[in-house]
Structures are given as C-alpha cells and as structure tokens.
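Enquirer: For reference, the structure I am asking about is given below.
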Amino acid sequence: MLVDSYRFLPRSFVPMYANAQPLDGEDEPVWADFVPRLADARIALVTSAGLYLKDAQPSFDGERERNEPTWGDPTHRVLPSDVASGALGMMHLHVNNADVLADHNIALPSAVLDELAAEGVVGGSTAHHVSVMGYQQAGLDVWRQETAPAIAALLRDEGADGVVLAPV
C-alpha cells in the first residue's frame, strides 16, 4: 500500500519535504542501547500535537506559524501523565484539533501506556510527558541547542528509561 504523507497538507509542502537530506554533521542515526527489560522500564511520551494545559500554560505560537509556514514554535510543554482530555488545548495547523481534543490518546496515548503498565508489559509511566509543536523546519539550531537537551534533561530527571514518540 502506498502511503501519501502529504494527503492532508497543501501540495506546496511536497517540494519542501519530499527529498529532505540530513543536515551537516548528521550522517549517522542517533542511537542509545536500551538497557532495562521493558517490563522494568519507566516510559515517557513525547507528542508533536502541540498540546498544552489550557488553564495553566500558554498556547504554542500559531500566529507566527500562520505567517511563516515553515516555522514551528520550538518550545515544549510538560503535561502530567494523568491529564484529562478536557484540560488540554491544542495548537496545530495541520491536524484536526477537535478529534485530538475529544480524546487526547489519539496523539498522547497515556491511557494505552497505563494499560501496558497494568499488564506488566512496561514497568510504568513517568509522572509527566512532553508536547511539542510538529512541522519544525526552520530554527533547527534552537531545537538542537535548547529544546531537545531541555526535554532530555527533564525526562532523565523523571527517571525515564525510554521514550515513545507519538508524532501527528
């Protein structure tokens, strides 16, 4: 089956992303050995859905993204692992926000992770998960220098043994 990665995006995005090449100095994939047994591991989730706590955190910067379509807000939001869908807001221009806000497990599968922990498949969940805004093309230096190290440090402090990326 052929997957059309651009089905829900403007066709003008195809030339920007279809033949993306690694950046200078990124010739090898990033890899780290997974040491613990999965049944003993604490897992964190990272979603690119642009989720935030609507009563406690600012939204991601959608206005700038509307004006600069290749720019994405490089900040992140920390979400409690037991967050309820009704407590979340979402800023994402390329996804149906209503569906995700009706059930955040579409983009942040915390209930599934909890079920896997209850079944003993994974050791457990971290107390917090992380949300970022997807479609990051411009400003990757900020991601490399600030955002990714901050998220890695946060999840390390949370005791995460592994991370599941839930891209949207």
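Enquirer: Tell me the angle of helix 148-157 to the major Cα principal axis of the chain, expressed in degrees between 0 and 90 and rounded to the nearest ten.
Expert: Computed tilt is about 10 degrees.
Enquirer: If you don't mind, another one. Quick one: net charge around Met91, please, counting Lys, Arg +1 and Asp, Glu -1 for every other residue with C-beta under 13 Å from its C-beta.
Expert: On the way: positive: Lys54, Arg64, Arg66, Arg77; negative: Asp61, Glu63, Glu65, Asp73.
Neighbourhood net charge equals 0.
Enquirer: Compute the signed sum of charges (Lys and Arg +1, Asp and Glu -1) over the other residues within less than 14 Å, Cβ to Cβ, of Gly159.
Expert: Working: positive: Arg42, Arg156; negative: Asp40, Asp157, Glu158, Asp161.
Residues close to Gly159 contribute a combined charge of -2.
Enquirer: Return the long-range amide H neighbours of Asp73 (sequence gap of 5 or more, or a different chain), with a cut-off of under 5 Å between placed amide H atoms.
Expert: Distant-sequence amide H within range of Asp73: Asp61.
Enquirer: Give, in whole angstrom and from largest to smallest, the semi-axes √(5λ) of the equivalent ellipsoid of the stretch 44-166, with λ running over the eigenvalues of the Cα gyration tensor. List each step's numbers first, then the result.
Expert: Details: eigenvalues 117, 62, 26 Å².
Working from the Cα gyration tensor, I get semi-axes of 24, 18, 11 Å.
Enquirer: May I pose another question? Could you line up Phe34, Phe60, Phe13 from fewest to most neighbouring Cβ atoms inside 10 Å?
Expert: On the way: Phe34 10, Phe60 27, Phe13 16.
In order of increasing Cβ crowding within 10 Å: Phe34, Phe13, Phe60.
Enquirer: If I take R0 = 25 Å and measure r between the Cβ atoms of Ala20 and Arg156 in this structure, what FRET efficiency does the formula 1/(1 + (r/R0)^6) give, to the nearest 0.05? Show your work: numbers first, answer last.
Expert: On the way: r = 29 Å, r/R0 = 1.14.
Calculated transfer efficiency: 0.30.
Enquirer: Of the candidates Pro29, Pro69, Pro109, which one comes out as most mobile in a Gaussian network treatment of the chain with C-alpha springs shorter than 10 Å?
Expert: Pro29
Enquirer: Which of the GluC sites (Glu not before Pro) found in the stretch 78-168 are loop residues per DSSP with 12 or fewer other Cβ atoms within 10 Å of their Cβ?
Expert: Filter output for the stretch 78-168: Glu119.
Enquirer: What does the helix-only formula give at 222 nm for the chain: each DSSP H stretch with n ≥ 4 adding -39500 (n - 2.57), the total divided by the residues, and the result rounded to the nearest 500 deg cm²/dmol?
Expert: On the way: 5 runs with 35 residues, N = 168.
That comes out to -5000 deg cm²/dmol.
Enquirer: Once Rh for the stretch 1-108 is found with the Kirkwood sum over Cα pairs, what is the Stokes-Einstein diffusion coefficient at 4 °C and 1.567 mPa s, in µm²/s?
Expert: Details: Rh = 16.9 Å.
In µm²/s, the coefficient is 77.
Enquirer: What is the sum of charges around Tyr135, taking Lys and Arg as +1, Asp and Glu as -1, for the other residues whose C-beta is under 14 Å from the C-beta of Tyr135?
Expert: Combined, the nearby Lys, Arg, Asp and Glu give -2.
Enquirer: Give me the number: length gained by fully extending Leu53 to His94, i.e. 0.36 nm times residue separation minus the C-alpha to C-alpha distance, one decimal in nm. Let's see the in-between values first.
Expert: Values: separation 41, 0.36 × 41 = 14.76 nm, distance 1.96 nm.
So the chain would gain 12.8 nm between Leu53 and His94.
We did not get these values from a lab; they are worked out from the coordinates using the rules stated. Not measured: the values here are computed from a predicted model. For neighbour counting, all protein chains shown are included, and Cβ atoms are generated from backbone atoms with ideal geometry for every residue, glycine included.
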